[in-house]
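The values are calculated or read from the model by the stated rules, or taken from the named source; none is laboratory data. Predicted model, so just to flag it, every value in this text is computed and none were measured. Don't worry about glycine lacking a Cβ; one is built from the backbone with ideal geometry, like all the others, and counts go over all protein chains shown.
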Amino acid sequence: MTDAYIVEALRTAGGRRGGALRDWHPADLGAAVLDALVGRSGIDPGAIDDVIAGCVGQVGEQSFHIGRNMVLASSLPDSVPAVSIDRQCGSSQQALHFAAQAVMSGTQDVVIAAGVESMTRVPMGSPVILAAQAGVGTGPWPPSIKQRYGVEQFSQFTGAEMMAGKYGFSREELDAFALDSHRKAAAASDTGAFDREILLLDATDKEGNPIVHARDEGIRRDASRDGLAELKTLVPNGVITAGNASQVCDGASGVLVVSERALQEHGLTPIARIDHLTVTAGDPVIMLEEPIRATRRALERSGRALADIDLYEVNEAFALVPLAWLKEIGGDPALLNVNGGAIALGHPLGASGTKLMATLVHALRARGLRFGLQTMCEGGGIANVTIVEALG
């Protein structure tokens with residue numbers, strides 16, 4: 001079995017809802033990433049065997065096969081195939097897994113794993129909302145599933161409150177973690193830590209003036225503990241607020257994955273090697289704690305100890321997810337989300353997987369470190385774990 005290498009990894013800067021990326025059609029947004037991956041690597045676009053695109057809200061402008069439409073909107077030849085996948089928040093992380101598996105199996109040599117989500121133009125929950133408005137169907141969960149799990153619906157917000165209670169986290173602890181996320185993200189942005197991974201885009205400001213979108217819009221440099229404490233909880237007597245949860249975000253991201261043969265044939269220089277891939281599933285009601293079990297399995301199957309891992313990226317869907325992960329896995333807080341996370345930088349759903357990978361790979365290389373681990377919670381109680389080895 002051959003190794004799979006990452007040659008390029010990049011993302012757009014996050015756009016707030018109604019922000020700088022509001023005028024970008026999601027297919028064009030994803031296409032810009034595809035073009036940049038090809039342009040930066042110097043590879044012949046006709047050599048790409050496949051594009052695997054993650055997207056959660058596959059409706060409206062993200063419907064009718066967003067992956068293929070990204071290719072058609074790009075400069076890639078129309079001979080390049082594509083597929084659109086949905087593993088909820090882990091969609092583009094799973095796209096990376098599929099790309100790596102294709103390369104490792106020897107069936108393909110050059111695959112782009114990408115993701116896109118315009119949460120301004122296709123708001124979260126749009127597929128369910130539109131179906132309800134049209135009076136079509138009864139929703140995504142049939143009575144058989146509701147009866148099996150004793151619920152009327154599955155909600156990440158309910159799961160978050162359940163998880164906070166199970167692992168014993170207070171509102172104050174969650175807010176403190178959120179504040180730290182903003183501070184780390186601001187420092188990373190201000191010192192240029194994101195410059196190598198961010199694709200500059202033409203955009204418009206609030207007044208409609210042309211600008212270059214180069215900075216994540218969600219970072220709150222004026223965030224404070226008192227300000228976070230003033231926010232209302234989502235449910236009475238709860239601990240989850242908009243301040244200690246991830247931000248709605250527009251964005252796209254992608255990685256170029258190739259075989260060793262492709263490295264030689266196309267004169268490419270790898271920046272990372274895929275070391276291990278794991279995906280697990282568990283309780284769909286609490287749903288957000290699966291990264292803990294998935295990480296344990298990944299470490300066991302990879303033969304690596306946590307001490308071998310130099311940096312961790314655990315998606316900040318809610319502050320309690322990485323906090324519970326640290327508590328149960330025993331990780332070093334100083335190695336977690338070193339450049340901030342989704343609380344400050346945004347969580348563009350289907351684009352977050354390869355977005356985090358771009359951040360992880362470049363953070364490892366900037367520090368001269370070797371191994372990184374990425375994981376995130378996903379709807380339905382699923383979690384992906386990817387271990388990468390930085391090169392160069």
Just a yes or no: is a residue in the range 241-261 modelled with pLDDT of 95 or more, farther than 15 Å from His347 by Cα and part of a helix (DSSP H, G or I)? yes
Just one of Leu76, Leu72 is touching a residue at least 12 places away in the same chain (Cβ under 8 Å), outside any helix (DSSP H, G or I) and at negative phi; which is it? Leu76
Which listed residue, of Gly372, Gly380, Gly353, Gly340, is touching a strand residue (DSSP E or B) at 6+ places or on another chain (Cβ under 9 Å), at positive phi and either in contact (Cβ under 8 Å) with a residue 60 or more places away in the chain or part of a loop (DSSP other than H, G, I, E, B) (or both): Gly380
Please go through the range 140-174 and pick out each residue that is among the hydroxyl-bearing types (Ser, Thr, Tyr), farther than 25 Å from Gly57 by Cβ and surrounded by 12 or more Cβ atoms within 10 Å (Cβ to Cβ). Tyr167
Only one of (1) more than 20 Å from the chain's Cα centre (by Cα); (2) crowded, with 21+ Cβ neighbours inside 10 Å does not apply to Gln108, and that is (2)
Of these, Thr295, Thr280, Thr269, which one is in contact with a Lys or Arg (Cβ under 6 Å, 6 or more places away or on another chain) and modelled with pLDDT of 95 or more? Thr280
Can you tell me which residues in the range 64-79 are in contact with a Pro (Cβ under 9 Å, 6 or more places away or on another chain) and either among the polar types (S, T, N, Q) or surrounded by fewer than 21 Cβ atoms within 10 Å (Cβ to Cβ) (or both)? Arg68, Asn69, Ser74, Ser75, Pro77
It is to be established whether one or more residues within the range 187-197 are free of Cβ contacts under 8 Å to residues at least 40 places away in the same chain, basic (Lys, Arg) and surrounded by fewer than 19 Cβ atoms within 10 Å (Cβ to Cβ). no
